[in-house]
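The values are calculated or read from the model by the stated rules, or taken from the named source; none is laboratory data. What you see is a predicted model, and the numbers here were worked out from it, not measured in a lab. Here the Cβ is made from the backbone with ideal geometry for all residues, glycine too, and neighbour counts use every protein chain on show.
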Amino acid sequence: MCVFSWLWFLWGLHGLVTGEGGPCELMAGPVSGSVYQKGDIVIGGLFPVHVRAPQPETEFRDVRVNGTCSLFNQRAYRWLRTMVFAVEEINSDPHLLPNLTLGYLAADTCLAESTTLSTALTMVTGLQVSRASDGCQSAPAVPVIIGDVRSSSSMVIADTLGVFEIPMVSYLASCVCLSNSLKYPRFFRTMPSDALQARAMAKLLQLLGWSWVGLVSADDDYGRFAIQILMEELRGTGVCVAYHRVVPRGYREEEMREMVETIKKSSAKVVVTFIIDQDAKALLEEVVRQKITDKQWLANDAWVTYATLSVPQNIPSLAGTLGFALRKAEIPNLGYFLTQIHPATFSLDPDPFKQQLWEALFGCSLRVTFGTSEKPCLGSEKIAVGESTYADVSQLRATYKVYKAVYAIAHAIQDMLACSPGRGLLVNGQCPDVRKLHPSELSLYLRRVNFTTSLGEQLYFDENGDPPASYDILNWHVTQQGKVEFVNVGHFVSSEGLGGQFHIDMGRVIWGGGQGDKVPVSICSTPCPAGTRKAVQKGRPECCFDCVRCPGGEISNETGSTDCIRCPERFWSNSDRTDCLPQQVDFLSYNDIMGIILSIISVAGAALSAATFTTFFYFRHTPLVRANNSEVSFMLLVSLKLCFLCALAFIGRPVAWSCALRHTLFGISFVLCISCLLSRTVVVLVAFRSTLPGESVMRFFGPVQQRLGISICTLVQVLICVLWLVLAPPHPAERGVRENRGPKIILECDVGSVVGFGLVLGYIGFLACLCLLLAFLARKLPDNFNEAKLITFSMLIFCAVWVAFVPAYISSPGKYTVAVEIFAILASSYGLLLCIFAPKCFILLLRPERNTKKQLMAR
């Protein structure tokens, strides 16, 4: 592109030197035309009066002189005429540049880098030839250029014109990449940098809760840098990008269709754009064609007030569009100036664009020949303010930036004229000679310019050539007549160190996507309710997540929580996981249904033991009671009663004495019980062996010996319990405080010494197994009342209960562990009581005829 432009430039230089080409035919580059007014200082201007450039001759077989651009742009021509208006206004001002006349040289760039660069080179080298009323004249080299409209072409010009030290003042190039004083030291602009607009868009997305958005950008430096800044601003804010598509150059139909299909299919309801007006026109034509009406468009400043888009067929898709626009201004007398055009003056006017404007406005032709079907212009047509894009002065935004650019140059020249020797900005304080103005000198004074416009706005350039910035927030309202009205609903003003001050009147906003007065929802996942947390879906942006219920002991009391908060010590989460409640102290109490049931069973067992004791005592002189060693039977019944009663010690709030009592009473009473059974088993076994001739073993197993054996066995358990209580006694303990394992704090008895507890249980188990073994050996001894069988059954029940107790005890939660232990005590106690004493009580009470010595001795 640059090689092509330089070739055009060199060919124009050759034509000027050699005189080739007729008068007024030399144009240094394929430009469509220019407007020239001489003056002491001539300001250059670049405007895309047409938006389609001619195709270059790539084979270089000939030179295209005065190549024709197409698609007339009324908006850009208004900008050109505003430059002319500003120059004429300054020239008529007696206070600003009173002894100096400004001129202008404004040219068409055709919205292409190639024509823009070649036109700029033509301006700065003075090769531009313009038609005048008195023939042809060569315009002088311009010391400054206003333009360009596009960031990409502005970069190309700034790089190229660096050789000539020519300053540029752009009115619409907003790429943040141009805010680099080292790379572009002579670039200035009255248009704010996109960094501010991107920051404002990011803040708006956060404010409205739009966390799932689509991005569309232009395929140039403006679009690329703007989107990059926006994504940096969105990082860490919770706003995610559903897709990012680039408007293809040339607007190829297939690519445009695919891009719009992506927008249509996406679940993102908000579309953020960074595109120029022509890109927006091509994009939205396809949007309307695919009948997309459920999107909220967030427009950038380049097209939010583009009247061409606000036609009736676009309203269903674009109504409610929200966007950022340059601050609007009213320029006095501009509307009148723009409308003072008439075909009668075209032959004397050096402006080649007026005829095209007239034909575009009224759809007629000023050059109708015989036999053509074109509508001829009558000449009676009149341009009215506000009835066309060109004459619309209700939304002067970019136009006002052109106006300010001209005044910035004028004030810089004014500062040069007002320079006092020794206080200038040149070397050694020298002042510049305005009549022999050097572009680099103008750059110095442009950097120091600081003035207030006639509209009361202050203008200056910072170290990067950027102006102070602010934006209006516009909303597309549809009037009752079906027309679009751009309504100001807020503003965003840059603020040093604060990132900007944001204000929007939500009550005035009409939302897009058919929502009306309801803010559209654009999220990937519904916010997690209180009691849950976000869990990011694998391989997807952070805005797409699942809601996971907080675990027990943790809460989230806000919507959209990313983490659950752990409850403090002695607190637990409620069932909804939204609040921490004090943990309840839980233990097996007499008020619980389970506690009541176990208490009744325990008391019933003790009562049954007492009843059995009473029965045996009443029948103590009968053969059946005397044959079963009544003294040991009474001891056994007392021990069983203690076993039943010790279960009550496990119920109730654990305290130090109850913890010590429940385990020692349990251990001693069961050892006493099993010791009695063991003694009776041994007696039965020895009794039958002592009947053999010459045997007198029974003398070693008399009542005294039995009492002694029972006492010794019990004393061993007592000694174990005493040592246990002295060294590491059981004590109350809380389970579930530090671990936060449940909504309740389990109050229980800690065994203290595991070894002591193990010895107590182990000793009981040893005696039980020994008793079971001996009873098993004596089970077949011939006797109608063989107790060995009964003891065998009772010991089998006892062992089965306590073997099953171990896994049940370990797996039972909270107070149910105590209930399992009580159940084991009661089940084993009932097993012993019923298996051993039930048959005897049956005979004593219901079959007294069998309670005789004859029946006992029968085989």
message: Can you pull out every residue in the range 818-849 that is farther than 25 Å from residue 678 by Cβ, surrounded by fewer than 18 Cβ atoms within 10 Å (Cβ to Cβ) and touching a residue at least 24 places away in the same chain (Cβ under 8 Å)?
response: 845
- prompt: On the given criteria, is residue 429 touching a Pro at 6+ places or on another chain (Cβ under 8 Å) and on the phi > 0 side of the Ramachandran plot?
  reply: yes
task: Mind listing just one residue for me: the one in the range 91-129 that is under 13 Å from residue 410 (Cβ atoms) and small (Gly, Ala, Ser) and, of those, surrounded by the most Cβ atoms within 10 Å (Cβ to Cβ)?
output: 103
query: How many residues does the range 259-287 hold that are at pLDDT below 90 and either surrounded by fewer than 19 Cβ atoms within 10 Å (Cβ to Cβ) or among the aliphatic types (A, V, I, L, M) (or both)?
result: 1
message: Go through the range 762-776 and report how many residues are buried (at least 18 other Cβ atoms within 10 Å of the Cβ) and touching a residue at least 60 places away in the same chain (Cβ under 8 Å).
response: 7
- line: Counting only residues in the range 271-315 that are part of a strand (DSSP E or B) and β-branched (Val, Ile, Thr), the one nearest to residue 224 (Cα to Cα) is identified as 273
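Matching residues to (1) more than 26 Å from residue 735 (Cβ to Cβ); (2) surrounded by 14 or more Cβ atoms within 10 Å (Cβ to Cβ); (3) of a type in the set (S, T, N, Q); (4) outside the structural domain of residue 477 (by TED's automatic domain parsing):
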{"position": "500", "(1), (2), (3), (4)": "yes, yes, no, no"}
{"position": "513", "(1), (2), (3), (4)": "yes, yes, no, yes"}
{"position": "526", "(1), (2), (3), (4)": "yes, no, yes, yes"}
{"position": "556", "(1), (2), (3), (4)": "yes, yes, yes, yes"}
{"position": "564", "(1), (2), (3), (4)": "no, yes, no, yes"}
{"position": "571", "(1), (2), (3), (4)": "no, yes, no, yes"}
{"position": "575", "(1), (2), (3), (4)": "no, no, yes, yes"}
field: residue 167 vs. criteria touching a residue at least 24 places away in the same chain (Cβ under 8 Å) and over 33 Å from the mean Cα position of the chain (by Cα)
entry: yes
query: Yes or no: residue 643 surrounded by 19 or more Cβ atoms within 10 Å (Cβ to Cβ) and under 60 Å from the mean Cα position of the chain (by Cα)?
result: no
task: Out of the residues in the range 540-592 that are modelled with pLDDT of 90 or more and β-branched (Val, Ile, Thr), state the one that is farthest from residue 653 (Cα to Cα).
output: 548
query: Among the numbered criteria (1) surrounded by 13 or more Cβ atoms within 10 Å (Cβ to Cβ); (2) assigned by TED's automatic domain parsing to the domain that holds residue 74; (3) modelled with pLDDT under 90, which single criterion is violated by residue 439?
result: (3)
message: Please count how many residues of the range 288-315 are surrounded by fewer than 15 Cβ atoms within 10 Å (Cβ to Cβ) and either aromatic (Phe, Trp, Tyr) or closer than 17 Å to residue 396 by Cα (or both).
response: 0
field: Contacts under 6 angstrom Cβ, first residue in the range 503-526 being over 26 Å from residue 493 (Cβ atoms) and free of Cβ contacts under 8 Å to residues at least 60 places away in the same chain, partner of a type in the set (A, V, I, L, M, F, W, C) and part of a loop (DSSP other than H, G, I, E, B), 6 or more apart
entry: 525/544
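Here is a yes/no grid of residues against (1) crowded, with 24+ Cβ neighbours inside 10 Å; (2) farther than 28 Å from residue 536 by Cβ; (3) aromatic (Phe, Trp, Tyr):
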residue	(1), (2), (3)
184	no, yes, yes
202	no, no, no
214	no, no, no
219	no, yes, no
238	no, no, no
249	no, yes, no
257	no, yes, no
Selection count, the range 833-846, where residues are at pLDDT below 85 and under 30 Å from residue 591 (Cβ atoms): 0
field: Options 71, 127, 121; residue that is of a type outside the set (Phe, Trp, Tyr), in a loop (DSSP other than H, G, I, E, B) and at pLDDT below 95
entry: 127
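Conditions (1) outside the structural domain of residue 95 (by TED's automatic domain parsing); (2) of a type in the set (Phe, Trp, Tyr); (3) touching a residue at least 12 places away in the same chain (Cβ under 8 Å), marked per residue:
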| site | (1), (2), (3) |
| --- | --- |
| 412 | no, no, yes |
| 424 | no, no, no |
| 432 | no, no, yes |
| 472 | yes, no, yes |
task: Filter the range 714-743 down to residues that are part of a loop (DSSP other than H, G, I, E, B) and touching a Cys at 6+ places or on another chain (Cβ under 7 Å) and give me whichever is modelled with the highest pLDDT.
output: 730
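Residue by residue, here is whether (1) on the phi > 0 side of the Ramachandran plot; (2) modelled with pLDDT of 90 or more; (3) of a type outside the set (A, V, I, L, M, F, W, C) holds:
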position	(1), (2), (3)
201	no, yes, no
211	no, yes, yes
217	no, yes, yes
222	no, no, yes
228	no, yes, yes
243	no, yes, yes
- prompt: Of 359, 381, which residue is at pLDDT 90 or above, outside the structural domain of residue 84 (by TED's automatic domain parsing) and of a type outside the set (Gly, Ala, Ser)?
  reply: 359
query: Among 753, 711, 794, which is the only one that is more than 29 Å from residue 589 (Cβ to Cβ), of a type in the set (Gly, Ala, Ser) and at pLDDT 85 or above?
result: 711
- prompt: Does residue 849 fit the bill of being modelled with pLDDT of 75 or more, acidic (Asp, Glu) and closer than 25 Å to residue 611 by Cβ?
  reply: yes
task: Could you list, in sequence order, all residues of the range 295-342 that are in contact with a Lys or Arg (Cβ under 6 Å, 6 or more places away or on another chain) and of a type in the set (Gly, Ala, Ser)?
output: 325
query: Has the range 646-654 got at least one residue that is touching a Lys or Arg at 6+ places or on another chain (Cβ under 9 Å), surrounded by fewer than 20 Cβ atoms within 10 Å (Cβ to Cβ) and of a type in the set (Lys, Arg)?
result: no
message: For the condition closer than 26 Å to residue 180 by Cβ and basic (Lys, Arg), what is the one hit in 199, 252?
response: 199
- request: Being of a type in the set (Phe, Trp, Tyr) and more than 23 Å from the chain's Cα centre (by Cα) is the filter here, so list the residues in the range 241-294 that pass it.
  value: 251
task: Report whether or not residue 625 is modelled with pLDDT under 85, surrounded by 13 or more Cβ atoms within 10 Å (Cβ to Cβ) and closer than 26 Å to residue 735 by Cβ.
output: no
